[in-house]
1. Give the range A:104-118 a look and list any residue that's within 11 Å of chain B (Cβ to nearest Cβ) and either assigned to a helix (DSSP H, G or I) or of a type outside the set (D, E, K, R) (or both), or say none.
2. Test B:Asp89 against the stated conditions and say whether it is more than 30 Å from A:Val249 (Cα to Cα) and either surrounded by 14 or more Cβ atoms within 10 Å (Cβ to Cβ) or basic (Lys, Arg) (or both).
3. Somewhere in the range B:37-59, is a residue in contact with a Lys or Arg (Cβ under 6 Å, 6 or more places away or on another chain) and not in a helix (DSSP H, G or I)?
4. From the residues in the range B:335-345 that are assigned to a helix (DSSP H, G or I) and in contact (Cβ under 8 Å) with a residue 24 or more places away in the chain, which one is farthest from the other protein chains (Cβ to nearest Cβ)?
5. Could you go through the range B:346-365 and let me know if any residue there is away from chain A (no Cβ under 14 Å), crowded, with 24+ Cβ neighbours inside 10 Å and touching a residue at least 40 places away in the same chain (Cβ under 8 Å).
6. Before we move on, is B:Leu40 farther than 30 Å from A:Thr112 by Cα and not small (Gly, Ala, Ser)?
7. Filter the range B:263-317 for residues that are within 14 Å of chain A (Cβ to nearest Cβ) and of a type in the set (Phe, Trp, Tyr) and give the result.
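The values are calculated or read from the model by the stated rules, or taken from the named source; none is laboratory data. Everything quoted here is computed from the prediction, not taken from an experiment. Note that we place each Cβ from the backbone using ideal geometry, even for glycine, and neighbour counts take in every protein chain shown.
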Amino acid sequence: MLLAYTSSELTSIFTMQGFAGLSLFSVLLLMALGLAIIFGQMGVINMAHGEFMAAGAYTVYLCSTLTTRFAPSFQSYYFLIAIVTAFVVAASLGLLVEWGLIRFLYKRPLDTLLATWGLSLIMQQAFRSTFGAREVTPTLPDWLMGSFKPTESIDIPINGVFVMGLTLFITALVLFFTFKTRAGLRMRATVQNRVMSSAVGINTKLVDRLTFAIGCGIAGVAGAAFTTIGSTGPDSGSRYIVDTFLVVVFGGTASLLGTMASAFGIAQTQSISEFFLQGTMGKVATLLAIVIILMIRPQGLFASKVRRA
Amino acid sequence: MNTVTKRLFGSREGLVGNLILAFILIVVLPGTMDIFRLNLVGKYLTYAFVAVGLVMLWGNAGVLSLGQGVFFGLGGYCMAMFLKLEASDPISTKIQSTPGIPDFMDWNQITSLPAFWVPFKSFPFATFAILVVPAVLAYILGTAMFKRRVGGVYFAVITQALALILSLGIDGNQGVTGGRNGITDLRTLLGWDIRTSHAQYILYFASVALLFGCILLSRWVLSSKMGRILNAMSEKEDRVRFSGYDVSNFKIFIFCLAAVISGIGGAMFVLQVGFISPSLVGIVPSIEMVIFAAVGGKKSLLGAVYGTLLVNSGKSLFSETFPQLWLFAMGGLFILVVVLMPNGLAGLWQNYGRGWVAAAKKRLMERHPVSDVKPAGQIF
């Protein structure tokens, strides 16, 4: 199928599909960062993670609607505030969920999985009851619209560039938080040895709660980013959740670098194969490849050398 | 009781439990329901096969698979392919541009039967495939995962991805699989019309019989030495390994067995409902089947049947009257069962029901003393 195109056409296809892949990479990475923090570091898998993303996306939609109605002149700037609001809303929701549900389940990872699946059903229906089953799109500020054309056949959308920039910024922030702050240090200590951390005076329960909230907050930012490249429906989150799990597992848990590498690989493979294979088969091929690689190398791309109990 | 019945039913209480369930399924439900409702129950019972498999896999071996719908679907598709080929003989499909192939292939401009469909013209092969295809897939997956000591959450995520892959794959290859609509318009099994009420009654009873067969088989496996190893494994896997057992082989075996049982369920589903589609294979049905088992009690084989019937009746009741509330109810059920009732209905029976029955029996005995009532046993 590659033979049907000329080499310059192929370059354009790869550039544009590659760029579309970068947008997917951004959303997947933001989702996976949150999930990896929660899953890799606390052993709790959050099936409702996609719904936290949707919560972020709906927050942006709400902000957009409110701005259009009450402060139309503010239209070009609201988006930056909406991103922060999305983080705060999703993180507070996460805090609430941790307090009300997750903290009873830390020793039972498989049960957490089922309980958070139940939570995701409830949240989806709540979105559907509140915002309707139809997909919604916030009004994007003008500076996010349009695209530049470096050559005749290549077309790069600005919103994609923005999402990528946002992703890089958040990733840098997460890395900084994890490795350069006291709170990050406490988090890493709790991951490595919970009992010992507790013995030296770290409030591990508080750390758990904050970690969960931050993970959910990042999912909220992912939702905000998502609104610039797609429309939001009640089940938007669940469409990405399996991909996100695979990104985390494929990257190797407890390795943020691995998460980034695998998000990049998965998004690019999917995006480029979707062009050449029809319909959903690109996704099938990608997922199948990941599962086969995981069967051969179950520890993922970047495994930590530490043996875990 | 002799050893065989003891191993098949557990204690006397287990025997009574089996008899009660059999009485409900064979006498009460067919006696009180019209064929439409009974056919629905029959459909739910085919999910109970999967739930029974999950009780073995999750409740007893401690391995949670979120992709059991895959095996249900494989069994179902094997059966549906056979039935579809029987329904598309050259005479009844003569208006097609290529007579003798399934209608959806004709719509997709396919002119000859794909190679993997050809053996499904034979009923013995289809039956063989229903049992073997799920087992082979489970064996490959199980070997790859369990031999490398992948378990727990990883295994759950990978099986879930498998469910997504299979449902998308079927969906995306409309020409050879029937796509999103699935394989529909199935009519006869070896010349016997499966759409009449008479046939539906027979198929219902066949499902009940097969379900009991699977439950007894599972009970047999769980009451063997292997069952004890599985139980030990789900508690402290390392100790079992250090005692010299190859843990992975036991897991692979139980995974294959659960897959085969699910496949049988899928085949019975197709016979009773008359179609199969990727919506029965994907993530959502697969995880719903886990909740059926959880509601019944993840360690209880009979509980799995009750759990499946209750959740599904609740689902059809709710979604008919309050479609909005159904997802709330289902989500709440997930959370409630997991957090508050980790052993499901069977746990309720063990904690409260059994004591209540014993007290009632005691009161009865005080009024009419009988000498030979034994205490209730341990296994439900």
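1. First, pick out the residues of the range A:104-118 that are within 11 Å of chain B (Cβ to nearest Cβ): A:104-105, A:108-118.
Those that are within 11 Å of chain B (Cβ to nearest Cβ) and either assigned to a helix (DSSP H, G or I) or of a type outside the set (D, E, K, R) (or both): A:Phe104, A:Leu105, A:Pro109, A:Leu110, A:Asp111, A:Thr112, A:Leu113, A:Leu114, A:Ala115, A:Thr116, A:Trp117, A:Gly118.
2. Details: more than 30 Å from A:Val249 (Cα to Cα): yes; either surrounded by 14 or more Cβ atoms within 10 Å (Cβ to Cβ) or basic (Lys, Arg) (or both): no.
Judged against the criteria, B:Asp89 is not a match.
3. No, that holds for no residue.
4. Keep residues of the range B:335-345 that are assigned to a helix (DSSP H, G or I), which gives B:335-340, B:344-345.
With in contact (Cβ under 8 Å) with a residue 24 or more places away in the chain added as a condition, the list becomes B:337-338, B:344-345.
Working: B:Val337: 8, B:Val338: 4, B:Gly344: 12, B:Leu345: 16 Å.
The residue in question is B:Leu345.
5. Initial filter on the range B:346-365 (away from chain A (no Cβ under 14 Å)): B:346, B:348-365.
From the residues that got through so far, the ones that are crowded, with 24+ Cβ neighbours inside 10 Å too are B:346.
If we keep only those that are touching a residue at least 40 places away in the same chain (Cβ under 8 Å) as well, we get B:346.
Yes, because at least one residue in the range B:346-365 is away from chain A (no Cβ under 14 Å), crowded, with 24+ Cβ neighbours inside 10 Å and touching a residue at least 40 places away in the same chain (Cβ under 8 Å).
6. Values: farther than 30 Å from A:Thr112 by Cα: yes; not small (Gly, Ala, Ser): yes.
It is true that B:Leu40 is farther than 30 Å from A:Thr112 by Cα and not small (Gly, Ala, Ser).
7. Passing the criteria: only B:Phe292.
Residue-by-condition table, conditions (1) over 21 Å from B:Ile158 (Cα atoms); (2) in contact with a strand residue (DSSP E or B) (Cβ under 8 Å, 6 or more places away or on another chain); (3) modelled with pLDDT of 85 or more; (4) surrounded by fewer than 24 Cβ atoms within 10 Å (Cβ to Cβ):
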| position | (1), (2), (3), (4) |
| --- | --- |
| A:Arg209 | yes, no, yes, yes |
| A:Cys216 | yes, no, yes, no |
| A:Val221 | yes, no, yes, no |
| A:Ala224 | yes, no, yes, no |
| A:Thr228 | yes, no, no, no |
| A:Gly237 | no, no, no, no |
| A:Val249 | no, no, no, no |
| A:Ala254 | no, no, no, yes |
